[in-house]
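See structure below.
The values are calculated or read from the model by the stated rules, or taken from the named source; none is laboratory data. These numbers come from a predicted model, not from an experiment. Please note: Cβ atoms are built from the backbone with ideal geometry, for glycine as well, and neighbour counts cover all protein chains shown.
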Amino acid sequence: MSEFDYDLFVIGAGSGGVRASRIAASHGARVAVAEEHRVGGTCVIRGCVPKKLLVYGAHFAEDIHDARKFGWEVADCKFNWDVLRDNVLAEVDRLEGLYGQTLDSHKVTVFKTRATLIGPQKVRLADGQEISAERILLATGGWPFVPEFPGSEHAITSNEVFHLDKLPKRVVIAGGGYIANEFAGIFNEFGSKVTIVNRGDTILRGYDEQIRDRLLQISMTKGIDFKFNAPFQSIEKNDDGTLTVHLENCDAITADAVLIATGRTPNTKGLGLEDVGVELDEHGAIKVGDDNQSSVPSIYAVGDVTNRIQLTPVAIREGQAFADSVFGGKPTVVDYKNVPSAVFSHPPIGAVGMTEAEARNKLGSIRTYTSDFRAMKNVLAGRNERALYKMIVNAATDQVVGLHMIGPDAPEILQAAAIAVKAGLTKADFDATVALHPSMAEELVLLK
Ligand code: NDP
């Protein structure tokens, strides 16, 4: 008999925690997991999944509009936020149930409560119950970061945005990253007046400059306003319930809702980490090695709480690698090279590998290829919106080291093309592949 209550105690049942729990259990470990909010975590409950459903819902605005050019006699359409919101939240409930079932079927004990560390191998639940475990995995994720300014309490974050009572007629969004651009697209398609307010002059830092510029240009054409170099000073709540946002270097803006999307910070506060000796970095993230082990040998961490790459599929890989390494006798290290990513803006962006600037810095001599085209569907629809595909090639080896795309279905196409980049294929390999015609993706093998 083990001297511990469990072999593994996981704090946080999000993407990383659930994967680690399930795999560790399938390797024969006795596993428990504590979750203070809802099983499924950010991605399933208040992130990727409900967001993507809203993106689909929003895109109907363009599809319905364009359908007329394809011969459909579409009567005047009205969008009903309550219907979409309730359907999305019902889908989230369904998925939460499935995640719970997965844990049950793997015989993982679930404590629907907060757990904190009280020792290297001991946690305390909110009701005072103390539980020992040979190993503890911290998978507590991240939480929206809200800068401090007067009136910030009147704003919402991505935690609340899925639950809005009604669709705001005017929305101000703080930040120029993933969430800001995705929700700007969503609200704009629903007919809200959207203003993105950014502290700097760059949206989507980290993405290739040409692709970012294209999104900016298309977003502005669609009616989204951008204010740059305009940090928030304060939010004032007016008697009629509207909010006035005061900005540096810019006139005040009045809106019905203000969404703060200025990044996410690792969820490490109040977990007892300092008392137990778990080291954090300067951003409050848990420091771990390649093996996901923290500065305390019995304590590991995966996912956003480690602030490596804040993406669900990365957290899942880390959870899997941890469980396989520690409980499955199969030491596995996650490979962070060429991780594809997407922004589900309107239109969406997909990218893998180095941007042109990164490649120039790292490799020196590179070749770039671009295809700047209007998807045939957009041509017939009279939609003046151009897609842009960009390939970065190492001139010395002919290897494709980066692919960057904006246009309809770019993430769907990019995921498949990312295999080629990951595999180290060359421009010649792309050229040798016969085009699939007519498609947008064929542009990737026709770049000149
Ligand atoms: P991002 O990191 O994408 O963007 C943050 C934005 O806020 C940047 O424009 C940044 O400006 C700005 N900002 C940062 N700090 C401040 C501050 N103190 N005051 C004013 N502005 C500030 O964060 P998001 O919140 O959009 O998303 C969080 C994370 O969630 C993402 O990094 C991503 O990993 C993940 N995510 C992924 C999605 C996907 O895969 N499609 C979708 C949504 C989220 P600056 O550029 O100057 O730093």
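For residues in segment 177-196 being outside any helix (DSSP H, G or I) and not hydroxyl-bearing (S, T, Y), which is farthest from the ligand (Cβ to nearest atom)?
Only one residue tops the list, namely G191.
Within segment 175-194, track down each residue that is of a type outside the set (D, E, K, R), more than 19 Å from P144 (Cβ to Cβ) and in contact with an Asp or Glu (Cβ under 9 Å, 6 or more places away or on another chain).
Matches in segment 175-194: S192 only.
Which condition number does R199 fail, the rest of (1) within 15 Å of the ligand (Cβ to nearest atom); (2) under 21 Å from the mean Cα position of the chain (by Cα); (3) closer than 24 Å to G350 by Cβ being met?
Of the numbered conditions (1) within 15 Å of the ligand (Cβ to nearest atom); (2) under 21 Å from the mean Cα position of the chain (by Cα); (3) closer than 24 Å to G350 by Cβ, the odd one out for R199 is (3).
If the requirement is being crowded, with 24+ Cβ neighbours inside 10 Å, modelled with pLDDT of 95 or more and in contact with a His (Cβ under 7 Å, 6 or more places away or on another chain), which of these qualifies: G176, G141, G185?
G185
Between a residue in segment 298-318 that is touching a residue at least 40 places away in the same chain (Cβ under 8 Å) and closer than 14 Å to P340 by Cβ and any residue that is of a type outside the set (V, I, T) and within 11 Å of the ligand (Cβ to nearest atom), which pairs come within a Cβ distance under 7 Å, given they are 6 or more apart or on different chains?
T312/C43; T312/C48
Can you list residue pairs whose Cβ atoms sit under 6 Å apart, with the first residue in segment 344-356 being without any contact (Cβ under 8 Å) to a residue 40 or more places away in the chain and within 15 Å of A441 (Cβ to Cβ) and the second being assigned to a loop (DSSP other than H, G, I, E, B) and more than 13 Å from the ligand (Cβ to nearest atom)? Count only pairs 6 or more apart in sequence or on different chains.
Matching pairs, first to second residue: none at all.
Residue under question is F228, and the condition is that it be surrounded by 17 or more Cβ atoms within 10 Å (Cβ to Cβ), within 16 Å of the ligand (Cβ to nearest atom) and modelled with pLDDT of 95 or more; does it hold?
Answer is no for this residue.
So E35 ticks every box in (1) crowded, with 23+ Cβ neighbours inside 10 Å; (2) more than 26 Å from the chain's Cα centre (by Cα); (3) among the acidic types (D, E) but one. Which box is left unticked?
Result: E35 passes all but (2).
Out of (1) of a type outside the set (S, T, Y); (2) touching a strand residue (DSSP E or B) at 6+ places or on another chain (Cβ under 8 Å); (3) more than 17 Å from I211 (Cβ to Cβ), what's the single condition that is false for L380?
(2)
Report yes if some residue within segment 221-238 is part of a helix (DSSP H, G or I) and either of a type in the set (V, I, T) or within 16 Å of H346 (Cα to Cα) (or both); otherwise report no.
Yes: one or more hits.
I'd like the full set of residues that are among the basic types (K, R) and not in a helix (DSSP H, G or I), limited to segment 417-448.
Selection gives K448 alone.
Only one of (1) out of contact with any helix residue (DSSP H, G or I) (no Cβ under 9 Å at 6 or more places or on another chain); (2) of a type in the set (S, T, N, Q); (3) free of Cβ contacts under 8 Å to residues at least 60 places away in the same chain is not met by T332, so which one is it?
Result: T332 fails condition (1) only.
Of all residues in segment 240-259, which are away from the ligand (no atom under 16 Å from the Cβ) and farther than 20 Å from L164 by Cα?
Selection gives D251, A252.
Quick check on L271: is it surrounded by fewer than 20 Cβ atoms within 10 Å (Cβ to Cβ) and either modelled with pLDDT of 95 or more or within 11 Å of the ligand (Cβ to nearest atom) (or both)?
no
Name the single residue, out of those in segment 274-313 being of a type outside the set (D, E), surrounded by fewer than 14 Cβ atoms within 10 Å (Cβ to Cβ) and more than 22 Å from the chain's Cα centre (by Cα), that is nearest to the ligand (Cβ to nearest atom).
Across segment 274-313, the extreme among qualifying residues is G289.
Among what's in segment 335-359 and is touching a strand residue (DSSP E or B) at 6+ places or on another chain (Cβ under 6 Å) and in a helix (DSSP H, G or I), pick the residue that is farthest from the ligand (Cβ to nearest atom).
For segment 335-359, the residue satisfying everything is A359.
Could you tell me whether N238 is surrounded by fewer than 17 Cβ atoms within 10 Å (Cβ to Cβ) and touching a strand residue (DSSP E or B) at 6+ places or on another chain (Cβ under 7 Å)?
yes
Please verify whether K330 is modelled with pLDDT of 95 or more and closer than 27 Å to I406 by Cα, treating the condition exactly as stated.
In short, no.
On the basis of being buried (at least 18 other Cβ atoms within 10 Å of the Cβ) and away from the ligand (no atom under 16 Å from the Cβ), does R124 make the cut?
no
With G353, G407 as the choices, which residue is touching a His at 6+ places or on another chain (Cβ under 9 Å), surrounded by 15 or more Cβ atoms within 10 Å (Cβ to Cβ) and either within 29 Å of S219 (Cα to Cα) or modelled with pLDDT under 95 (or both)?
The match here is G353.
Which condition does G223 not pass, out of (1) surrounded by fewer than 16 Cβ atoms within 10 Å (Cβ to Cβ); (2) farther than 18 Å from A252 by Cα; (3) within 11 Å of the ligand (Cβ to nearest atom), if it passes all the others?
Going through (1) surrounded by fewer than 16 Cβ atoms within 10 Å (Cβ to Cβ); (2) farther than 18 Å from A252 by Cα; (3) within 11 Å of the ligand (Cβ to nearest atom) one by one, G223 breaks only (3).
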